[in-house]
Every structure is written in structure tokens, then in C-alpha cells.
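Read through the structure below, which is laid out as C-alpha cells, and then see the notes.
Computed from the coordinates by the stated procedures, all read-outs in this text should not be read as laboratory data. In this text the structure is predicted, and so the values were computed from the model without any measurement. Every residue, glycine among them, receives a Cβ derived from its backbone with ideal geometry; neighbour counts consider all protein chains shown.
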Amino acid sequence: MPKLAINGGTPIRTEPYPIWPPVLDAEIEAVNRVLREGQMGRITRFGNGGSNETDKLREAWTAQYPGKDYALPCSSCCTALELALRNAGIGPGDEVITPPSTWVASNLAPSQVGADVVFADVSPDNYCLDPEAVEAAITERTRAILLVHVGGYCARMDEMMAVAERHDLVVIEDCAQAQGSKYKGRFVGTWGHFGCFSFDVGKLMPSGEGGMLTLDADDLAGDWIYGTCGHAGAQIDALAEGRHIDGWNYRMTELQAAILLAKLGRAEEEKWVRIKNAEHLRSRLAEIEGIGDVPHDPEQTYYSFMFKYDAAAFKGVHKRRFAEALAAEGINKLFSSPSDQEPAYRSAYFNPHGRDYSNVFCPVAERAYEHEAIGISGVEVLLGPETDMDQIADAIVKIQDNIDELISSDGQ
Ligand SMILES: Cc1ncc(COP(=O)(O)O)c(C=O)c1O
């Protein structure tokens, strides 16, 4: 009789993980209220009318995650990234350094403003952009570092800011997967010049779509100019001075803001549930040979809980085959790498805009993707009871104990 579920044995877990995101009564009520008030959009014909959910969200966000002057609600993290680059005045001829281990949006953003993307490798400990690799990649055209706190784990922001200061660079933090994470006691999105967050449906605080840009007054080129195609007070002043400020529409709707306001406090509570579960899971995984820890900050969130797989302790079974076996055991919310993506420079979704990236090779990102890094979706899995964490460890132990069975069934 086979033991492993992949071969027809009984899985460790049979029940599905909860559907994400749950929809709460408070959110339904908030949306209904805004609709009843007839204020689904932020701007009325007569100016900034409406129920001001977005304004309330700006204030509530800054109160919960202090450290920046402004929080601008946007239509997505993609638009927040673009806005950050535009606010920094980055465009054609400029280079922006990005990591290869991310969702490709981080690498596409510079192209959106006509800048060139340069890749620097991630650090071998937690797969976030490595400050030393960044410094080595700087040229006379480099204008910005666009780093990613991948999975909720934090890039080494103190070192990154020191590099940026030495070379007079703008720092944009892609916090799409890290809302609520703190690095060395300070919230991500408040270390660099700009912080960009995502509220898309799979993220830690979803409103279907949505994003947030955090920034200081000094770095703000025009605030609502970005919501009104240039029809705003700052533009009137600029035109009077013979200047023109570009405007476009990056706005979040009042409906999204109402949902997010109903979720904001809960997001912080959920972070602590994830942290507690991560600690328990980590202590169980520490007992398993061949499963390595990914260093973490004590107050970081877990969009993905990552661990390092050493095939040598599993008789050479490749991590992808191991992950298939784990999924069959019912632990099926897995990431194939830090970002669930191949290194971005070889992604079919990365648009090089005529530049040749065929010689780019980041060994740490490659090793993470091909051999080492496995993530468990922290969004829903790490919100479960402690027994769900035990199931994960039990499933890994079961596979290890029956590794010969997995090897003999390989390829079937
Ligand atoms: C690291 C990262 N950056 C940016 C984005 C883009 O976010 P959005 O879908 O809100 O545009 C995502 C979304 O998956 C992401 O994971």
C-alpha cells in the first residue's frame, strides 16, 4: 500500500484552505452606505465632494503606519509604482535598479515611464534585493533603486539607504507583499522616498484592486493632479507661472476606500496571528533535516512563509517534485520561489523594450527559483489554527520518511 498521497495514500490534510478574502458584514455595510450616499467616485463636478472615504483612508493609514507625510490611495500598486517614478522625475535615459525575484510589475514599472531596467541580485539570506549587488550595478545613469520586500520579508533598508545616499539615488519600496512589516522597528514604505502597496484580491488587505503610495511632502510633485488629469490647484499656480504639470488618473474609488477602511485595523491583528503561527511552524521545521530557515524580522508579516529546501536531505529529489508531493498531501498553497515566478529577466512577461538581457544571470535568484526556495501562502494558511502549521511539518516529515517511495514513483 502506498503511503504518500501522490501515489494514492491518505493525505495529511483533506479539507481545503479557507477562501481568500473573506467578505465581512462591515465591508458590505460600508459599500452599501457609500452607494446609498451616491458617492462612488471621489471627485464631483464641483470639486472634491463626496463622502470622503479616500480622505479618511489616507488619515487612517498614516495613523496606523506612521512615518510618511502622505498616503495617496491609487487604483493599484502598479499605478503607485508609476506615480512614485513620475514624482521622482524619472524618465527616458535613466536607469532603475530592480531585483529579479519579484512579481514582474516591479520590473515593468520603470518601462512605463521610459526608463531602463537594470537587474541586481537578491541576497542569499531572505531573497530581497542585496544592497551590495545594488552598489555594484550603479552607473552614471542610475537614478533610482526599486526594491521589493518579497513575501513580507524585509530588504536591508539601513544599508540600502546608505547606498542611496552615497550615490544620490531615489529609493522606491515595493511593499505590495509586505503591508505592516517592520524592518528594525520601522514600517516598510517609510524608509525610502516612496512606498507602494497593493490591495489586489490576493493580497493581505484586498479591495478587489487598489494601491497606496506613501511619500513625504518634499517628494510630492502634485498630489491630486494625478487624479484629475491636471485639473487641480497646483496646476493653476503652475500655469500662472507659465509651467505645465502633467496630470493623469490614478485614483482609487470611494467603494474601494470604504472596504479598506473596514479592514485596516483587522489587517494589523491578522499580522500578529501570522507571526505567531510562523514562529510555531519555524520551530517545527527546525527539527527536520534539510529544511532551512529564512531569516526574518520579528515584526514582519507573511504574504509567503518561505523555507529553504536542501535536496541532499531528500536523496536528491528536486524541489519541484517535493512540492508536488507536498501539494498532494493537502498542503497545496505553495509558491515555487520567493515570488512564485522565474527570475524576471527571463520571464515572458518582462518587456525589455529593445534592450538585451540575455547575458543577465543572477546566481542567487536562479538558485532560489530552481533549487532552494519554497513558499507557503501566508495570506490564508498562516491565519489558520496552530494544528494547520503542524500539518505542514507532519507532511514534510512524511515525505522524507517515504522518500524512496517518491523516488520509485518518479515520473509516473
Ligand atoms: C511585488 C509586487 N509588486 C507589484 C504588484 C502589483 O500590484 P497590483 O496588482 O496592485 O498592481 C504585485 C502584485 O502581485 C506584487 O506582488
Legend entry - FRET efficiency for K184 and E405, using Cβ-Cβ distance with R0 set to 60 Å, rounded to 0.05: 0.85
Inset, instruction - Would you mind checking K308/K398; K3/K315; K3/K398; K56/K276 for any pair whose Cα atoms are more than 20 angstrom apart? - result: K56/K276
Legend entry - DSSP bridge pairs, segment 25-261: antiparallel proportion in percent, nearest 5: 50
Inset, instruction - Calculate the length of the line joining the C-alpha centroid of segment 359-403 to that of segment 283-323, in whole Å. - result: 5
Inset, instruction - Would you mind putting 346-355, 158-167, 78-87 in packing order, based on average other-beta-carbon counts within 10 Å, highest first? - result: 78-87, 158-167, 346-355
Inset, instruction - Please give the contour-minus-distance gain from A286 to T62: 0.36 nm per residue of separation, less the Cα-Cα distance, rounded to one decimal in nm. - result: 76.9 nm
Inset, instruction - Can you tell me the dipole magnitude for segment 277-397 around its Cα centre, using point charges on the Cβ only (Lys, Arg +1; Asp, Glu -1), in Debye to the nearest 20? - result: 520
Inset, instruction - Out of all DSSP beta bridges with both ends in the chain, state the antiparallel percent to the nearest 5. - result: 60
Inset, instruction - Rounded to the nearest 0.05, what FRET efficiency do A26 and N249 give with R0 = 41 Å and r taken as the Cβ-Cβ distance? Could you check? - result: 0.90
Legend entry - Kyte-Doolittle mean at least -1.0, axial Cα span of 30 Å or more - DSSP H helices of the chain: 254-285
Inset, instruction - Give the cross-link partners of K203 among the aspartates and glutamates, using a straight C-alpha distance below 12 Å as the criterion and excluding same-chain residues fewer than 8 apart. - result: E380
Legend entry - Stretch gain in nm, segment D310-S358, where the contour uses 0.36 nm per residue and the Cα spacing is subtracted: 14.4 nm
Legend entry - Relative intensity, log₁₀ I(q)/I(0), of the chain from a Debye sum that treats every alpha carbon as a point, q = 0.07, 0.12 Å⁻¹: -0.35, -0.97
Inset, instruction - With only Lys, Arg, Asp and Glu charged, each at its Cβ (+1 for the first two, -1 for the last two), find how big the charge dipole of the chain is about the Cα centre; round to the nearest 20 debye. - result: 680
Legend entry - Positive-end extreme of charge dipole, the chain - chosen from N277, G208, P99 (charges on Cβ): G208
